[in-house]
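> To start, I am sharing the structure in question, which I have written as structure tokens.
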Amino acid sequence: MATAATVTPQEAAAYTASLVEAERQAAAMFIDIEPLIRVGMSEKELSDAIHKLGEDKYGVKTHWHKRVVRSGPNTLAPFEENPPDRTIEADDILIVDLGPVFEKWEADFGRTYVLGNDPEKIKLRDILEPVWKRVKAIYDERPDMSGEELFAISKAEVEKEGFLWGAPIAGHIVGNFPHERIPRDKISLYITEGNGSTMVSTGKNGHRRHWILEIHARHPSGRFQGFYEQLLTL
């Protein structure tokens, strides 16, 4: 069996600092994304504008996963699906999920936007960050918990707010590009049911695995949902 590489404390510090910097740039990029969103444009038009922004201003030439820009009922579609392109409407809800690579470092960042004044959509959007922070606080008290334990906690915290959980996972690992993968395995490197392993573990590159936490909240009506994600472990 192959053993993990050995890294020095200096290498470990540089690795984590690079992931933090990638997330910082992703957060700045998302601030610039919001003014791009307009009623009447299609999801594809917004995705193309985001791609141009990332390349021109942030030097992003690669995304480690597909750009996800979905509005209205398309927010309900699982990540793997590609729903038909849709025109963004007044009083719409929109999710943006990006995996930009800054130099060789991955970020994974997701936010929910609401156009107009629909109170139910605004309520859903506004619970996402507080729920994320509550789940992180619980994790920080016991970082050796398993992936399935954190999945259950995430689901329960969303349900406390009166919403439904909306995805099969609550996160995954992230790292230098391309990050560690196990073919055909959708459990061991994910925050999901069935992953009974501790989240404090070492990857094949010798570095501690770092995790993204995702919060998926679906409106009880089943008409739309929201999404919030960023680095959990740094």
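The values are calculated or read from the model by the stated rules, or taken from the named source; none is laboratory data. The structure displayed is predicted, hence computed values, not measured ones. FYI the Cβ positions are ideal-geometry reconstructions off the backbone, even for glycines, and counts take in every protein chain you see.
> Residue 70: at pLDDT 95 or above, farther than 27 Å from residue 208 by Cβ, under 18 Å from the mean Cα position of the chain (by Cα) and not in a helix (DSSP H, G or I), yes or no?
yes
A quick yes/no check of all residues on (1) modelled with pLDDT under 95; (2) small (Gly, Ala, Ser); (3) closer than 14 Å to residue 69 by Cβ; (4) part of a loop (DSSP other than H, G, I, E, B):
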residue	(1), (2), (3), (4)
1	yes, no, no, yes
20	no, no, no, no
27	no, yes, no, no
31	no, no, no, no
39	no, no, no, yes
44	no, no, yes, no
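> Looking at the range 158-179, which of its residues are more than 17 Å from the chain's Cα centre (by Cα) and not small (Gly, Ala, Ser)?
159, 160, 161, 163, 164
> Sticking with this one: Go through (1) surrounded by fewer than 22 Cβ atoms within 10 Å (Cβ to Cβ); (2) in contact with a helix residue (DSSP H, G or I) (Cβ under 7 Å, 6 or more places away or on another chain); (3) within 20 Å of residue 133 (Cα to Cα); (4) not aromatic (Phe, Trp, Tyr) and name the single condition residue 200 misses.
(2)
> For the range 50-59, check the following and say yes or no: at least one residue is within 16 Å of the chain's Cα centre (by Cα), modelled with pLDDT of 95 or more and within 28 Å of residue 123 (Cα to Cα).
no
> Is it the case that residue 10 is of a type in the set (S, T, N, Q) and either buried (at least 17 other Cβ atoms within 10 Å of the Cβ) or in a loop (DSSP other than H, G, I, E, B) (or both)? Explain how you work it out, then say what you get.
Values: of a type in the set (S, T, N, Q): yes; either buried (at least 17 other Cβ atoms within 10 Å of the Cβ) or in a loop (DSSP other than H, G, I, E, B) (or both): no.
So residue 10 does not fit the description; no.
> If you don't mind, there's one more thing I want to ask. Filter the range 103-144 for residues that are at pLDDT below 95, out of contact with any helix residue (DSSP H, G or I) (no Cβ under 6 Å at 6 or more places or on another chain) and not in a loop (DSSP other than H, G, I, E, B) and give the result.
Hit for the range 103-144 is 106, nothing else.
> Confirm whether residue 158 is under 22 Å from residue 62 (Cα atoms) and either of a type outside the set (S, T, N, Q) or in contact with a Ser or Thr (Cβ under 7 Å, 6 or more places away or on another chain) (or both).
no
> Checking residue 230 against (1) surrounded by fewer than 15 Cβ atoms within 10 Å (Cβ to Cβ); (2) in contact (Cβ under 8 Å) with a residue 24 or more places away in the chain, which single condition isn't satisfied?
Tallying (1) surrounded by fewer than 15 Cβ atoms within 10 Å (Cβ to Cβ); (2) in contact (Cβ under 8 Å) with a residue 24 or more places away in the chain, residue 230 fails exactly one: (1).
> In the range 145-184, what count of residues is obtained for those that are in a loop (DSSP other than H, G, I, E, B) and either over 14 Å from residue 227 (Cβ atoms) or touching an Asp or Glu at 6+ places or on another chain (Cβ under 6 Å) (or both)?
13
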